[in-house]
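Input: a single structure, listed below in structure tokens.
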Amino acid sequence: MPIARAATRATARLGAVVLTGALLAACGSSSSPDSADGAGKNITLTVDLFGSFGFKEAGLYEDYQKLHPNVTIKQSDTQDEADYWKSLQTRLAGGGGLADVQGVEVGRIASVTQQQTDKFLDLKAFGADKLKDQFAEAKWSAATTKDGKILGLGTDVGPEAMCYRTDLFQQAGLPTDREELAKKWSTWDGYLELGKEYKQKAPAQSAWLDSIGSLYGVMIGQEKERYYNASGTLVYETNPAVKTAWDTSVKAAEAGLSAKLDQWSPQWNQAFAAGSFATIPCPAWMLGYVKGQAGEAGQGKWDVAKLPGGAGNWGGSYLAIPRAAKHKEEAYKLIEWLTAPEQQAKVFQKQGNFPSSTGAIAQIADAKDPYFSGAPIGRIFGDAAKESPVQVLGVHDQNVMQQLTNALSEVERKGVASETAWETAKKGVANVIG
């Protein structure tokens with residue numbers, strides 16, 4: 001979702017979310033007409049994704065195949081979204097090697113709707129326009145072109161919170177109550193000040209946060225305008241919101257609050273279990289990643305609190321169908337079913353990916369997560385989703401983000417001056433987007 005790779009997703013293996021009320025059968029059916037290739041013969045639907053969308057982990061493919069015995073689903077994965085996107089662009093240009101269903105990260109969706117409308121199917125042909133009221137408006141509109149083509153159906157969104165280690169907080173003499181902490185770090189300055197307190201009494205080899213890239217990423221997710229304005233003009237160089245997020249991240253580095261870990265690296269993965277950091281900015285999809293990396297030993301040591309500085313969104317994805325897909329109608333039936341409220345709620349139950357379906361959001365409102373000390377994640381992330389700004393997305397959002405976070409890593413790990421790193425980032429953006 002990045003820090004240079006914000007879109008990489010979590011693979012949750014532990015700690016199912018507890019949902020109150022009647023629970024989440026994997027049901028729901030497509031309203032599209034039966035297709036010729038699904039009427040009687042056996043077919044294989046291919047799904048190509050980055051990271052983990054949670055479909056396999058939540059058993060959705062198995063459920064769908066039971067409902068459609070003639071369908072076999074084969075999923076391929078690329079862990080790093082940047083690598084995935086590069087490969088997808090190569091295949092789109094050549095027209096070959098494409099799956100029936102391709103994942104698209106939210107930072108790329110403007111590129112699809114503005115530059116690649118000829119490469120993906122308009123889902124209105126299958127009746128997708130009838131689904132509009134089932135999705136959050138911001139999620140729906142981002143995948144819709146100016147002339148009304150619907151080029152993807154939304155999976156999840158990334159409302160933001162802060163995950164933290166209660167055991168490490170206790171050892172450093174800090175409060176652990178999530179409501180008390182939310183008040184203490186209601187601002188980012190308050191968060192840094194609490195980090196300085198932690199540093200004074202922190203357990204050996206434990207920093208306040210994982211990386212300043214994650215801090216930058218979550219802060220920029222709180223802004224309506226980031227890298228582009230509503231007219232599609234690149235404005236990151238003059239946007240005060242970008243400067244504030246950059247400067248705050250640099251302050252964290254200069255104060256020695258970071259573990260200096262590259263997100264998604266093997267060292268970062270190992271740090272979850274090792275207690276190398278006490279807090280991590282935490283979009284909803286990060287919950288599953290924490291569980292997967294911290295393992296059983298981490299259960300009950302983590303908690304979730306409201307994010308400093310207000311609500312924001314970081315990440316979220318779409319499912320799209322390339323024009324070159326082999327089984328177009330069957331692919332649409334699958335993505336409509338996967339993104340229906342029942343299935344989105346089930347993915348949240350298993351993995352923590354927060355739904356983009358309004359019906360699913362209502363279903364999980366009372367969810368608590370025993371792995372995260374019983375945190376009311378349905379309420380915390382639900383409130384964040386409601387309060388998050390509708391973000392302006394540009395065609396190169398993800399590329400700009402990657403260059404800025406790469407440059408911040410140089411500040412953090414090599415002590416490069418902020419001004420020098422900023423100039424490096426600008427050159428990187430110019431090289432990438434031309």
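The values are calculated or read from the model by the stated rules, or taken from the named source; none is laboratory data. Values in this document were obtained by computation on a predicted structure and should not be read as measured data. For neighbour counting, all protein chains shown are included, and Cβ atoms are generated from backbone atoms with ideal geometry for every residue, glycine included. We work out accessible area using only protein heavy atoms, side chains counted, and drop any ligands, DNA or RNA first. Shrake-Rupley method; radii C 1.70, N 1.55, O 1.52, S 1.80 Å.
If only residues of segment 237-271 that are more than 25 Å from Gln205 (Cβ to Cβ) and small (Gly, Ala, Ser) are counted, the one that is least open to solvent (accessible area, probe 1.4 Å) is Ala245.
Based on this model, can you work out whether Glu419 counts as over 29 Å from Ala230 (Cα atoms) and either open to solvent by 10 Å² or more (accessible area, probe 1.4 Å) or over 19 Å from the mean Cα position of the chain (by Cα) (or both)? The answer is no for Glu419.
Determine if segment 241-261 includes at least one residue that is in contact with a Pro (Cβ under 8 Å, 6 or more places away or on another chain) and of a type outside the set (Ser, Thr, Tyr). No, every residue in segment 241-261 fails to be in contact with a Pro (Cβ under 8 Å, 6 or more places away or on another chain) and of a type outside the set (Ser, Thr, Tyr).
Looking only at segment 366-381, filter to residues that are open to solvent by 10 Å² or more (accessible area, probe 1.4 Å) and not β-branched (Val, Ile, Thr); which one of those is nearest to Trp140 (Cα to Cα)? Among them, the one singled out is Arg379. Screening Ala278 with (1) crowded, with 24+ Cβ neighbours inside 10 Å; (2) touching a Lys or Arg at 6+ places or on another chain (Cβ under 6 Å); (3) assigned to a helix (DSSP H, G or I) gives one miss only, at (3). Among residues of segment 279-300 that are under 18 Å from Ser206 (Cα atoms), those with a Cβ under 8 angstrom from a residue that is open to solvent by less than 10 Å² (accessible area, probe 1.4 Å) and basic (Lys, Arg), sequence gap 6+ or separate chain, pair up as Gly298/Lys291. Could you give every pair whose Cβ atoms fall below 6 Å, whose first residue belongs to segment 42-55 and is within 18 Å of Pro69 (Cβ to Cβ), and whose second residue is of a type in the set (Val, Ile, Thr) and open to solvent by 10 Å² or more (accessible area, probe 1.4 Å), counting only separations of at least 6 or pairs across chains? Close Cβ pairs (under 6 Å, with a partner that is of a type in the set (Val, Ile, Thr) and open to solvent by 10 Å² or more (accessible area, probe 1.4 Å)) amount to Thr44/Thr72; Leu45/Ile73.
If the condition is being outside any loop (DSSP other than H, G, I, E, B), closer than 19 Å to Phe55 by Cβ and open to solvent by 10 Å² or more (accessible area, probe 1.4 Å), then segment 83-107 contributes only Val106.
A single entry from Ile361, Ile335 fulfils the requirement of being touching a Pro at 6+ places or on another chain (Cβ under 6 Å) and surrounded by 21 or more Cβ atoms within 10 Å (Cβ to Cβ): Ile361. Working only within segment 308-323, note down all residues that are open to solvent by 10 Å² or more (accessible area, probe 1.4 Å) and of a type in the set (A, V, I, L, M). Ala311, the sole residue that qualifies. Checking each residue in segment 127-150 for being over 30 Å from Pro281 (Cβ atoms) and buried (at least 21 other Cβ atoms within 10 Å of the Cβ) picks out Ala128, Ile150. Ile321: within 17 Å of Pro376 (Cα to Cα) and of a type in the set (A, V, I, L, M, F, W, C), yes or no? No: the conditions fail for Ile321.
Please count how many residues of segment 204-221 are assigned to a loop (DSSP other than H, G, I, E, B) and open to solvent by 10 Å² or more (accessible area, probe 1.4 Å). Residues flagged as assigned to a loop (DSSP other than H, G, I, E, B) and open to solvent by 10 Å² or more (accessible area, probe 1.4 Å) within segment 204-221 amount to 3.
When the test is whether a residue is in contact with a Pro (Cβ under 7 Å, 6 or more places away or on another chain) and open to solvent by 10 Å² or more (accessible area, probe 1.4 Å), Lys224 passes it. For segment 163-170, the condition holds for at least one residue, the condition being that it is at pLDDT 95 or above, open to solvent by 20 Å² or more (accessible area, probe 1.4 Å) and among the acidic types (Asp, Glu).
Can you confirm whether Val411 is over 23 Å from Ser231 (Cβ atoms), assigned to a helix (DSSP H, G or I), open to solvent by 10 Å² or more (accessible area, probe 1.4 Å) and modelled with pLDDT of 95 or more? When the stated conditions are applied, Val411 passes them.
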